[in-house]
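Peer 1: Pasting a structure here, questions to come.
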Amino acid sequence: AFCSAGTSCATCASEVCSRSVRWVAAPLAMLLAAAPPRLRKQQRRQRQRWRSLRFAISGGVATEDPWISQGVSSPAQLWRLEATLRHRLREAEAEGRQEDLFRLLVNRAAVRLQLGVYDAANEDAVALASGLGAYGSASVALQAAACAGLQQYENALALAASVAEPERCSSGYEEALVRFSMVLAQDVCRCTPVLRAQSRGMCDLFEVYWREAWPAMLPSLADFIGAADCSMDRDSGCRGMGSLQEYHPGDIIAISSALVRTEKPEDVPQIYESAAEISGHARHVLCVALSDGSSSSQVPIGDFRWGGATCSDLSIAPSSSSLAPVFSGVYSTNAFRTLNDEAIYPAASLLNHSCCANAFVVMVSDSLVVRARRCIRVGEPITTNYFDTLQPLANRRIAARSWGFECGCRRCQIEQS
């Protein structure tokens with residue numbers, strides 16, 4: 001800005017700058033105020049959910065915890081919080097502090113739901129059932145969410161419909177806990193029909209991409225395994241997934257969510273050990289169902305999804321000294337590398353590699369969706385690509401050896417000859 005004398009003037013520059021800000025800010029404020037009422041209502045509802053959850057959680061955890069203060073969480077933060085809650089629960093039980101025990105159980109069940117260990121969350125929710133008033137409502141709502149994760153959809157809907165507000169709340173904490181329970185029950189009623197359809201293979205991926213915010217305490221996609229079985233490949237002698245029906249290009253064969261939500265590869269051993277300690281399903285998948293690279297046994301394919309395990313010894317935990325080598329082998333053999341992290345997707349881990357694969361995997365939310373690449377005949381092994389198959393044969397062999405196998409698919413045999 002220049003004065004009439006033609007020299008620059010700081011005062012004039014400041015006035016012009018403030019005027020420019022007003023010219024830009026006023027139309028922008030009008031546009032924001034003109035947002036659709038439906039969108040503003042959704043935003044207010046989402047903020048209310050987070051406020052209720054933070055207030056409910058803060059009853060048993062220090063408010064300076066980042067997960068509490070920010071209202072957002074990473075898997076590593078959640079696992080640290082879960083370990084803290086376990087320690088405080090042991091202290092509360094030893095000292096007989098019943099009120100603190102109920103608060104900590106609510107906290108830990110909510111954290112475990114976000115981590116995706118639904119059987120462990122259900123145990124905490126059932127333990128809350130002896131509580132009265134707000135704790136009873138929270139117990140039913142948390143059990144409903146856990147049942148939705150365990151694919152017990154009829155139980156989830158029945159429990160969610162039975163959540164009721166108590167006649168009287170003795171404190172502001174209980175009022176916030178009741179609001180949290182009612183919101184969670186509404187989410188279960190709204191999302192369970194979608195999850196039930198996905199568990200039957202009726203998954204609209206376009207709708208998943210463009211849907212509104214999904215509750216953090218419910219699975220983003222339900223596990224699904226189509227007409228396939230866990231069988232031994234006659235050619236390679238390795239265990240894999242075999243087709244029990246004819247698939248056409250684009251058909252969904254399986255949907256597999258991450259067994260344990262992780263963030264950083266260096267945190268994986270501790271996280272999987274914690275998961276095996278608190279979740280019978282995670283322990284069964286890691287120690288029994290999945291291969292550690294040295295041996296593999298045939299197990300029912302339903303054991304690879306939530307609620308599908310048929311074994312009776314899920315509660316039996318192996319010694320901690322025997323877990324470390326098992327986890328290392330299972331993780332190096334079965335982990336999928338995505339753009340954000342590495343994780344084990346149990347059903348997708350059954351897919352063997354082929355340089356002329358008949359299926360492919362695509363990341364949708366935090367799950368892997370297995371789809372047919374071409375027509376797949378009955379009895380044909382379902383395979384995918386572990387690495388870039390546009391490379392020459394020599395490079396593909398090096399890549400296959402890094403995974404611990406030699407590829408003997410039809411394409412490799414033809415190029416070798």
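Peer 1: Which one is nearest to residue 155 (Cα to Cα), of the residues in region 189-202 that are within 17 Å of the chain's Cα centre (by Cα) and open to solvent by 20 Å² or more (accessible area, probe 1.4 Å)?
Peer 2: Among them, the one singled out is 196.
Peer 1: Scan region 141-158 and give yes if some residue there is more than 18 Å from residue 222 (Cα to Cα) and among the polar types (S, T, N, Q), otherwise no.
Peer 2: For region 141-158, residues more than 18 Å from residue 222 (Cα to Cα) and among the polar types (S, T, N, Q): absent.
Peer 1: Does residue 115 satisfy the criteria of being under 17 Å from residue 78 (Cβ atoms) and in contact with a Lys or Arg (Cβ under 7 Å, 6 or more places away or on another chain)?
Peer 2: The answer is yes for residue 115.
Peer 1: Would you be able to tell me the number of residues in region 333-361 that are at pLDDT 90 or above and surrounded by fewer than 20 Cβ atoms within 10 Å (Cβ to Cβ)?
Peer 2: Matching residues across region 333-361 total 2.
Peer 1: Separate question: Residue 412: over 30 Å from the mean Cα position of the chain (by Cα), surrounded by 12 or more Cβ atoms within 10 Å (Cβ to Cβ), in contact (Cβ under 8 Å) with a residue 60 or more places away in the chain and farther than 22 Å from residue 262 by Cβ, yes or no?
Peer 2: no
Peer 1: Quick check on this structure: which one of 213, 121 is closer than 29 Å to residue 366 by Cα and surrounded by fewer than 23 Cβ atoms within 10 Å (Cβ to Cβ)?
Peer 2: 213
Peer 1: Taking residue 397, is it of a type outside the set (Gly, Ala, Ser), surrounded by 12 or more Cβ atoms within 10 Å (Cβ to Cβ) and touching an Asp or Glu at 6+ places or on another chain (Cβ under 9 Å)?
Peer 2: The answer is yes for residue 397.
Peer 1: Among the numbered criteria (1) of a type outside the set (Ser, Thr, Tyr); (2) in a helix (DSSP H, G or I); (3) crowded, with 18+ Cβ neighbours inside 10 Å, which single criterion is violated by residue 163?
Peer 2: Failing condition for residue 163: (2).
Peer 1: Being assigned to a helix (DSSP H, G or I), touching a residue at least 24 places away in the same chain (Cβ under 8 Å) and open to solvent by less than 30 Å² (accessible area, probe 1.4 Å) is the requirement here; does residue 140 meet it?
Peer 2: No, not satisfied.
Peer 1: Let me ask another. Scan (1) farther than 27 Å from residue 306 by Cβ; (2) out of contact with any Gly (no Cβ under 8 Å at 6 or more places or on another chain) for the single condition residue 369 breaks and write down its number.
Peer 2: Unmet for residue 369, out of (1) farther than 27 Å from residue 306 by Cβ; (2) out of contact with any Gly (no Cβ under 8 Å at 6 or more places or on another chain): (1).
Peer 1: Something else: Does residue 129 satisfy the condition of being surrounded by fewer than 20 Cβ atoms within 10 Å (Cβ to Cβ), part of a helix (DSSP H, G or I) and either touching a Lys or Arg at 6+ places or on another chain (Cβ under 8 Å) or of a type outside the set (Lys, Arg) (or both)?
Peer 2: Spelling it out, residue 129 is indeed surrounded by fewer than 20 Cβ atoms within 10 Å (Cβ to Cβ), part of a helix (DSSP H, G or I) and either touching a Lys or Arg at 6+ places or on another chain (Cβ under 8 Å) or of a type outside the set (Lys, Arg) (or both).
Peer 1: In this structure, does residue 262 turn out to be open to solvent by less than 20 Å² (accessible area, probe 1.4 Å), among the hydroxyl-bearing types (Ser, Thr, Tyr) and either under 14 Å from residue 382 (Cβ atoms) or modelled with pLDDT under 85 (or both)?
Peer 2: Criteria met by residue 262.
The values are calculated or read from the model by the stated rules, or taken from the named source; none is laboratory data. Please read all numbers here as calculations on a predicted model, not as lab measurements. Virtual Cβ from ideal backbone geometry, glycine too; neighbours counted across all protein chains shown. These area figures cover heavy atoms from the full protein model, side chains too; ligands, DNA and RNA do not enter into them. Shrake-Rupley method; radii C 1.70, N 1.55, O 1.52, S 1.80 Å.
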